[in-house]
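Enquirer: Encoded as structure tokens, here's the structure I'll be asking about.
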Amino acid sequence: MIEVKNLTKKYGNKVVLNNLSFNVRKGEVVGFLGPNGAGKTTTMKMLTGFLPATAGEIKICGYDVREDPYSVHKSMGYLPENNPVYPAMRVTEYLKYVARLKGVPYRKVSSHILDIIEQCDLEDYRKAIIKNLSKGCKQRLGLAVALVGDPDVLVLDEPTAGLDPYQVVQFRKIIERLSEKHAMLISSHILSEIELISNRIVIINGGELVVKGNTTELLDNMDSGGTVYMEVRVSEGEDVKQELENLDDIIRVNSFDTFSNGWVAVECDVGHFDQSRDVLFGLIVSKKWVLRELRSSRHTLENLFLEMTKEKIV
Amino acid sequence: MSKTILIFKREVSVYFYSTLAFSIFCLFLASTGFLFLQVAQSQMGERVTLSTIMFKLIFFCWLPIIATFLSMQLFAEERKNGQLELLLTFPITTAQLIAGKFTAALLFLLLIFLSAIGYVCFTEVMAGETIVSVISDLTSGLLFLVFFGMFALSIGVFASTITSNQLLCSTITFIMILFFYFIGYVANLIPHAPTFIKEYMNFPEFLNSFCDGIIDSRPLVFCFSGTVLFLLYSIRILEVSKHR
């Protein structure tokens, strides 16, 4: 549905996007990640045909963006980063206007708009004036605009930016519902959301592709690591930190706090998630430390993102 | 065509939902009425018609201001808010977009002219003239104003596409419109100025002729060609600006 091959964008001599290639298939939600200034929005604007590529090829549903922008626009729904809407219009009025502009036949406009309003949970706001809507409703309206005309491809630029947790969950549910019928490319800084909704991710940094692939596989292959937190009581004079650092499975000790009565709290990164927990527990038993808390978490998309983009950020 | 009409309808509704547009309307009618009364009283006994007074009042006082006001919110604001970006990702052409917005602004301008001409009609009819003779007196002058208004608006559209700053847009529009007001005068003062400027661009002179009922095709052709040219430039600029 979305095919991007060797996409390059230059402003004068400055290369903002270099040789980027990826694709999105039908029924797939692809998370498009990168730090600020990585080139995400530029890529999305090029996908919509709003910006031209310096080199490379973009095809949306088989149509070349440069050669057939009209067909591309018919096949694509786009939610820009700042979600521009006409504040003085009413929700239904605005959606009808967009539907007519997108070429929805006059007789089908009303039923089509009702469908979209239902899909985006906007039933209670049909007659509301847009400027009176909350940020979450405005974002859902932006999504509704993207859905008008029933496009096969949806490109959503930071759709959950500025939403409260409830609105984020609501938005995620809508995306999940829509994901079966569309090919979706979503950029976001809320990595936990992307982890939950995307099948695959594409991470770019400094205009270059850093990593792409299946989200679960990437996380599994990353280093199988995670973070372990434990609270133990140790005898006086014992150096817990040193003991931990002597273990091969411990990558680094992130935090170390001491409390009264010999209690210490340690958080450390481990290399092999399952094995490391066994090793740590073995250490606790062998040293006869009193354990009151031991918890662990696998690496998340956030870890992957930070790992993959740290070189350029530093 | 249907998409142009859609954009036209939305733009017209924006004018009539906007309090600013109504304020301009009221201010225009109140000040034009007052000035019309003052000038008509001061010209009493002179060989000048009421329609000439009104047309000159509109042409010299209001047309540049209203054309500037209307054009500054055509594209500059939408560009700034990002609405233009979204519109241009819909399956519509830049030409449809510009045509819809331009015709809506032109309709609003025409309504303003007609509302002011209502003063002349009312006064003439009250003085015993028949409505048919009043309308026939007004037709040629109104024709000139519509063509020049169309030209001034196209300048505004052009300025609106080159900048997202409304103040800069209005300044460019106003200066360009004033340029076309005075270039004819200036050309007449310069001995070897190009003849086509004197013949085609002496708009204040043309206004006098049209007010006297003489329909000269030269300014109409010039304004029409100029409008088409500025609109084509605007389309091109909008398409190129996407590619920056």
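Each reported figure results from applying straightforward, stated rules to the coordinates on display, with no laboratory input. Small disclaimer: the values here were computed from a predicted structure and weren't measured. When we count neighbours, we look across all protein chains shown, and the Cβ atoms used for this are built from the backbone with ideal geometry, even at glycine.
Enquirer: Given a Förster distance of 35 Å, report the FRET efficiency between A:Asp150 and A:Asn6 from their Cβ-Cβ distance, rounded to the nearest 0.05.
Expert: Efficiency for this residue pair is about 0.70.
Enquirer: What is the mean number of Cβ atoms from other protein chains located within 10 Å of the Cβ atom of each residue in peptide B:3-16, rounded to a whole number?
Expert: Partner Cβ neighbours, averaged per residue: 2.
Enquirer: Taking springs between alpha-carbon atoms closer than 10 angstrom, which of A:Pro151, A:Pro105, A:Pro69 fluctuates most in the Gaussian network model of chain A?
Expert: A:Pro105
Enquirer: Turning to a different aspect of this structure: Roughly how large, in nm² to one decimal, is the mean projection of the convex hull of the alpha-carbon atoms in the range A:224-298?
Expert: Orientation-averaged projected area of the Cα hull: 4.3 nm².
Enquirer: In whole Å, what three semi-axes, largest first, describe the equivalent ellipsoid of the range B:144-215 built from its Cα gyration tensor (square root of 5 times each eigenvalue)?
Expert: Values for the range B:144-215, descending: 26, 16, 8 Å.
Enquirer: While we're on this one: With a ≥ b ≥ c the root eigenvalues of the C-alpha gyration tensor of the range B:184-244, is it rounded (a/c under 1.5), prolate (a/b larger than b/c) or oblate?
Expert: Oblate, since a/c reaches 1.5 and b/c is not below a/b.
Enquirer: Whole number please: convex hull volume per residue, Cα atoms of the range A:35-99, in Å³.
Expert: 112
Enquirer: Assigning unit charges at the beta carbon (Lys, Arg +1; Asp, Glu -1) and nothing else, what dipole magnitude in debye, to the nearest 20, does chain B show about its Cα centre?
Expert: Its charge dipole is roughly 780 debye.
Enquirer: Now, a different point. Rank the residues B:Phe102, B:Phe36 as a footprinting-exposure proxy: fewest other Cβ atoms within 10 Å of their Cβ go first.
Expert: Lowest to highest Cβ neighbour count: B:Phe36, B:Phe102.
Enquirer: Note down the relative contact order for the range B:94-212 as a percent, whole number, built from C-alpha pairs under 8 angstrom at least six residues apart.
Expert: Computed value for the range B:94-212: 23 percent relative contact order.
Enquirer: Using Cα-only point scatterers and the Debye equation, what is log10 of I(q)/I(0) for the protein assembly as shown at each q in 0.09, 0.10, 0.12 Å⁻¹, rounded to two decimals?
Expert: The Cα Debye sum returns log10 ratios of -0.81, -0.92, -1.13.
Enquirer: Let me ask another. Would you please give the FRET efficiency between A:Asn13 and A:Glu180, computed as 1/(1 + (r/R0)^6) with r the Cβ-Cβ distance and R0 = 41 Å, to the nearest 0.05?
Expert: 0.40
Enquirer: Can you work out the FRET efficiency for the pair B:Phe196 and A:Asn36, with r the C-beta to C-beta distance and R0 = 51 Å, to the nearest 0.05?
Expert: The pair B:Phe196/A:Asn36 has a calculated efficiency of 0.40.
Enquirer: Given the DSSP H assignment, sum -39500 (n - 2.57) over each helix run of at least 4 residues in chain B and divide by its residue total; what's the result at 222 nm in deg cm²/dmol, nearest 500?
Expert: Per the formula, -27000 deg cm²/dmol.
Enquirer: While we're looking at this one, here's another question. Test of understanding: in a Gaussian network model of chain B with alpha carbons linked when under 10 Å, which of B:Gln96, B:Gln41, B:Gln166 would top the mean-square fluctuation ranking?
Expert: Looking only at B:Gln96, B:Gln41, B:Gln166, the largest GNM fluctuation is found for B:Gln41.
Enquirer: Now a separate question. Along the charge dipole of the range A:2-221, pointing to its positive end and built from +1/-1 on Cβ of Lys, Arg, Asp and Glu, which listed residue (A:Met44, A:His73, A:Tyr94) has its Cα farthest out?
Expert: Farthest towards the positive pole: A:Tyr94.
Enquirer: So, in nm, how far is label B:Ile5 from label B:Tyr185 when the simple model puts each one 7 Å beyond its Cα toward the Cβ?
Expert: Here the modelled spin labels are 4.4 nm apart.
Enquirer: Further question: If you count, for every residue in A:76-84, the Cβ atoms of partner chains within 10 Å of its Cβ, what is the mean?
Expert: The mean count of partner-chain Cβ atoms within 10 Å per residue comes to 4.
Enquirer: A:Ala88 to A:Glu208: extension gain in nm, 0.36 nm per residue of separation minus the Cα-Cα distance?
Expert: Net length gain for the segment: 39.1 nm.
Enquirer: Tell me the label-point distance for the pair A:Glu293, A:Asp64, using the 7 Å Cα-to-Cβ offset, in nm and rounded to one decimal.
Expert: Each label point lies 7 Å from its Cα, and together they span 6.1 nm.
Enquirer: How far, in nm, would the chain grow between A:Arg107 and A:Ala161 when pulled straight, counting 0.36 nm per residue and subtracting the alpha carbon separation?
Expert: My answer for the length gained is 15.9 nm.
Enquirer: Stokes-Einstein diffusion coefficient for chain A at 20 °C in a medium of 1.002 mPa s, Rh from the Kirkwood formula over Cα pairs: what value in µm²/s?
Expert: After rounding, the answer is 97 µm²/s.
Enquirer: Let me check against my output: what whole-number percent is the relative contact order of chain A, with C-alpha pairs under 8 Å and at least 6 apart?
Expert: Relative contact order, chain A: 20 percent.
Enquirer: Relative to the longest principal axis of the C-alpha atoms of chain B, give the angle of the C-alpha long axis of helix B:131-162, reported between 0 and 90° and rounded to the nearest 10°.
Expert: 30
Enquirer: About the Cα centre, and with charges only on the beta carbon of Lys, Arg (+1) and Asp, Glu (-1), how big is the dipole of the range A:58-147? Nearest 20 debye, please.
Expert: The dipole of the range A:58-147 has a size of about 300 debye.
Enquirer: Here's a follow-up. GNM, chain B, Cα, under 10 Å: largest mean-square fluctuation among B:Tyr185, B:Tyr17, B:Tyr119?
Expert: In this elastic network of chain B, the residue with the biggest mean-square fluctuation among B:Tyr185, B:Tyr17, B:Tyr119 is B:Tyr17.
Enquirer: Please list, in order along the range B:84-98, the HN-Hα scalar couplings obtained from phi with the Karplus expression 6.51 cos²θ - 1.76 cosθ + 1.60 (θ = phi - 60°), rounded to whole Hz, x for Gly and Pro.
Expert: Per-residue couplings from phi come out as 5, 4, 5, 4, 6, 9, 8, x, 10, 8, 4, 4, 4, 5, 5 Hz.
Enquirer: What is the fewest-to-most order of B:Cys26, A:Cys268 by other Cβ atoms lying within 10 Å of their Cβ?
Expert: B:Cys26, A:Cys268
Enquirer: Please report, to two decimal places, log10 I(q)/I(0) for the range B:2-242 at q = 0.12, 0.16 Å⁻¹ as given by the Debye formula with identical point scatterers on the Cα atoms and no solvent.
Expert: Computed log10 I(q)/I(0) values: -0.72, -1.18.
Enquirer: Which order results if A:Leu301, A:Leu154 are arranged by neighbouring Cβ count within 10 Å, fewest first?
Expert: With the fewest neighbours first, A:Leu301, A:Leu154 line up as A:Leu301, A:Leu154.
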